[in-house]
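The values are calculated or read from the model by the stated rules, or taken from the named source; none is laboratory data. No experiment lies behind these values; they were computed from the predicted model shown. All Cβ positions, even for glycine, are placed from backbone atoms using ideal geometry, and neighbour counts span all protein chains on display.
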């Protein structure tokens, strides 16, 4: 019997463990999670979008897995009674100078074989009556879901399949053992013939414990959200995104109808002062020192200082945040926003300052390390899992 240990109880780790139990039913599977519950970090703090795969380079893992994942995630929800809604989304140009970028995005969407239509302002307002736009893209396969509920269902299925689910268990070391790995934790040692690292915000650190020299380091970026007040939720019917500026590394604040009926506004993107830094007041000296000592951070700062300062100002000013949203829906005012929870994106950055723009999975011997899995990883989680498990060493 082959012993598999998966580190990380977010959606990618749980999906991978679940896929192992499906494809290799004789396997012994253990999932190790340092928090007391599942999906506590990136999975539990995202906006719940089932992404179509619009933005990603054709042929990349992100493009392929998001497109396939938008189907497999919906199917999983249907089969397991998880609330979801394939509501579609609009990407809107708010001025004429954004139209060339919108057309480039349209061409990329077609290259990615997505159900996308270029529409004019009048048709856009048939979907979103309150939107400000001179032209838009409508992507039919985008949806919404609560990924926390997906995690709970995956954990339930794993338990039924006989997997060992270990929450409240922190990995402290890895050491080689007769062709496998001993996973040292605060709850004892776990022998693994095959190790899969899905530790998200700490994935590069786990890789180093395993003797891997990661080609990039995790830099944490906090994304802050507001919610529309209940009486203003009707201003948004589905999902409204701006046309992203390719000069900048993130998508810009947008409006997302949640599966519970609320409307999230955001996220922005500011450097977090801890890998789990969900507010300006959360500082981890070790995390911050490591971030500041990394050459890649300073290369990002040099290239995107103006953008970064704009994001900081927006973080510190509710009025600025509201102004950004009003570009999409002019009726939104500062008074319509209520502070919501933030998330932290685990973004892999090369020493040169380049953001790793695709999923990054590194395998060495009996170890597989998922070193970059930000959005759209939740959408693509079942496909990432399928890919990982197809490459794992076979049963002994």
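Some points to look at:
- Hey, residue 106 outside the structural domain of residue 223 (by TED's automatic domain parsing) and free of Cβ contacts under 8 Å to residues at least 40 places away in the same chain or not: yes
- Scan of the range 85-99 for residues that are touching a strand residue (DSSP E or B) at 6+ places or on another chain (Cβ under 9 Å) and outside any strand (DSSP E or B), ordered by number: 86, 87, 88, 94, 96, 98, 99
- Residues that are without any contact (Cβ under 8 Å) to a residue 60 or more places away in the chain and either outside any loop (DSSP other than H, G, I, E, B) or in contact with a strand residue (DSSP E or B) (Cβ under 8 Å, 6 or more places away or on another chain) (or both), drawn from the range 29-58: none
- The combined condition, being part of a helix (DSSP H, G or I) and either more than 20 Å from the chain's Cα centre (by Cα) or at pLDDT below 95 (or both), is not fulfilled by residue 113.
- Boolean, residue 82 is touching a strand residue (DSSP E or B) at 6+ places or on another chain (Cβ under 9 Å) and not in a loop (DSSP other than H, G, I, E, B): no
- Of all the numbered requirements in (1) surrounded by 17 or more Cβ atoms within 10 Å (Cβ to Cβ); (2) touching a residue at least 60 places away in the same chain (Cβ under 8 Å); (3) farther than 19 Å from residue 17 by Cα, residue 327 misses one, and that requirement is (1).
- Residues of the range 302-313 include none that is touching a helix residue (DSSP H, G or I) at 6+ places or on another chain (Cβ under 9 Å) and under 22 Å from residue 203 (Cα atoms).
- Screening 361, 300, 332 for residues that are closer than 24 Å to residue 92 by Cβ and surrounded by 16 or more Cβ atoms within 10 Å (Cβ to Cβ) leaves exactly one candidate, 332.
- Filter result for residue 66 (crowded, with 24+ Cβ neighbours inside 10 Å, part of a helix (DSSP H, G or I) and modelled with pLDDT of 95 or more): yes
- Residues in the range 150-204 that are touching a strand residue (DSSP E or B) at 6+ places or on another chain (Cβ under 8 Å), part of a helix (DSSP H, G or I) and surrounded by 15 or more Cβ atoms within 10 Å (Cβ to Cβ): 155, 158, 200, 201, 202, 203, 204.
- Test: residue in the range 21-37 that is under 20 Å from the mean Cα position of the chain (by Cα), modelled with pLDDT of 95 or more and under 17 Å from residue 379 (Cα atoms): no
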